[in-house]
Amino acid sequence: MNRKLVLGLAVVLLVGSSATWAADDGAALYKTKCAGCHGAKGEGKPAIKAPAIKGTTMEVNQIVEHLTKGEAGSKAPHNKGIAGLNDSQAKAIADYVKTLN
Ligand code: HEC
């Protein structure tokens, strides 16, 4: 293999892995912050009145707002923003929620 190609590959690998490292992991965040109520696959938990959210018709930005701000008329915990969740984490979770169906 030629040297430039090897160097180029190394750069791609480095940049690629650091980008993955830096990005918020929506699946992991969902698991720790949401799955307890909404189920591992977003199927919901009727026993605690947490609705299914898989296949939701809510848009990503609506889910983000729902998580970071909440709605006064919603039941807890969504009557206000989820504690300790920043916008980029909320976006990562919302993107993940949209993959559940
Ligand atoms: C303590 C339990 C609990 C946790 C934790 C929780 N939720 Fe909820 N969630 C609920 C309940 C209860 C409702 C219904 C609220 C209502 O009807 O006002 C709800 C509603 C929702 C809805 C709206 C569903 C709809 O169709 O109206 C979405 C989307 C949602 N939650 C996403 C999440 C995400 C994503 C997380 C993780 C960051 C999360 N929730 C964490 C209990 C929880």
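Read-outs: derived from the displayed coordinates by stated rules, not from any lab. Remember, it's a predicted structure, so these values are computed and weren't measured experimentally.
For region 24-99, the tally of Lys pairs with Cα-Cα distances below 14 Å comes to 11, considering only residues 8 or more apart or on different chains. Residues whose amide H comes within less than 5 Å of that of A50, counting only those at least five positions distant or on another chain, are K45 (H built at 1.01 Å from N in the peptide plane). Net length available on complete extension from C37 to N101 is 21.4 nm, with 0.36 nm assigned per residue and the Cα-Cα distance removed. Taking 20 °C and 1.002 mPa s as conditions, region 24-99 diffuses translationally at an estimated 176 µm²/s according to Stokes-Einstein applied to its Kirkwood radius (Cα pairs).
Taking each residue as 0.36 nm, the span from A52 to N79 lengthens on full extension beyond its C-alpha to C-alpha distance by 8.0 nm.
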